[in-house]
Amino acid sequence: RVLRAQTLNIEQTQLDDDGAISLFEMIEYYEPVTRLIVANNVRLGVRAWLALARLLKRFHRLEYLDVRRTSLDESTMPLLCRVLKLNCTLRVLHLEDNHLSGILTRNLVWGLRTNTMLQDLFLGHNKLTPEDAKLLGSLLITNHTIRLLDLRNNRLQDTGIIFLASALEEQHAGLQLITVWSNQITANSMSALSRALAFHTTLEGVNLGSNALGNKGVENLKEGLLSSRSIARLVMASCNITNEGAVVMAEIVGDHTTLIHLDLRENNISLAGVLALKCAYAI
């Protein structure tokens, strides 16, 4: 029983049920694997997911699972979620690009509501809607163990962000990093997010990049950012911000004690805005 690999990467190997069952039995027998990457294997059927669920239930060393772009659907998603509900040892779970909107998101929330092990959850590229954001918000209210929630490249829109912001305001502590890059968000939801930032005590990073927030979005976030004593990283790259918004951001930077990383790349900020930011950081 000698297998020294801690990471097993079988991404895009056209793995089928028989191959997956043999592989998962091997992992359970040899034990050392802590990170398993099965991404980009779309031929996995119910038998394979049953075998994976059995592995997660019995094997207590697996901490990282990547099942991006696999065959998760209404028949296989519940198999994974039942194991999550049993508090398996997973700490990092990648579920990107699995079309999880709707009933599959509901299944996931059910599985994670009482889970106290998972810390990092990646749900990008899943066509998630505002209703899915409402479900995820309900998860954040009850689950204070998840520290990273990556929702990039979905369709949450302002309504979805308002749902999530309300949940964060109620959660008060738990989540540390949230990414909503490219989610069709505008300045209209930034006031709700600002209130959440003012109340939340552990949120350290917010990624709002590639959304049409504009200068009004920066203005609407200002009060929450100034009130926050936990935010250290803020991404607003490609958000249609001009010099006017950069000046507001400079005011925030000048008065904020914890913000150490600010990403304003790919905005329409000229020398005047850059100088305002430079002066703020020099204070």
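The values are calculated or read from the model by the stated rules, or taken from the named source; none is laboratory data. Given the structure is predicted, the values throughout are model-derived calculations rather than measurements. Note: ideal-geometry Cβ built from the backbone for every residue, glycine included; neighbour counts use all protein chains shown. These area figures cover heavy atoms from the full protein model, side chains too; ligands, DNA and RNA do not enter into them. Shrake-Rupley method; radii C 1.70, N 1.55, O 1.52, S 1.80 Å.
Odds and ends about this structure:
- Using R0 = 22 Å, the C-beta based FRET efficiency linking ARG113 and VAL92 works out to 0.75.
- Per residue, the accessible area of the chain comes to 45 Å², computed with a 1.4 Å probe over protein heavy atoms only.
- Within the chain, helices built from complete DSSP H runs that reach 15 Å or longer along their own axis (Cα positions) and carry a mean Kyte-Doolittle hydropathy of 0.0 or higher are 17-30, 46-58, 130-142, 157-171, 243-255, 271-282.
- Cα-based convex hull volume of the stretch 153-283 per residue, rounded to whole Å³: 78 Å³
- When a 1.4 Å probe is rolled over the protein heavy atoms, the share of accessible surface on the stretch 1-141 that falls to carbon and sulfur comes to 49 percent.
- Every Cα-Cα pair of the chain was included, and the share exceeding 23 Å stands at 55 percent.
- Here the extension length gained between LYS278 and ARG233 equals 14.5 nm, from 0.36 nm per residue of separation less the Cα-Cα distance.
- Backbone N within the stretch 242-259 under 11 Å of label point (7 Å from ASN268 Cα along the Cβ vector): 242-244
- Accessible surface of the stretch 202-283 [probe 1.4 Å, protein heavy atoms]: carbon and sulfur percent: 54 percent
- Fully extending the segment from SER75 to ALA173, taken as 0.36 nm per residue of separation minus the present Cα-Cα distance, adds 31.8 nm.
- For the stretch 128-179 versus the stretch 16-81, the gap between their alpha-carbon centres in whole angstrom: 27 Å
- Cα convex hull volume per residue for the stretch 1-129 (Å³): 89 Å³
- With R₀ fixed at 35 Å, the C-beta to C-beta distance from THR258 to SER22 puts the FRET efficiency at about 0.10.
- Once the Cβ-Cβ distance of ARG58 and GLU223 is raised to the sixth power relative to R0 = 51 Å, the FRET efficiency obtained is 0.50.
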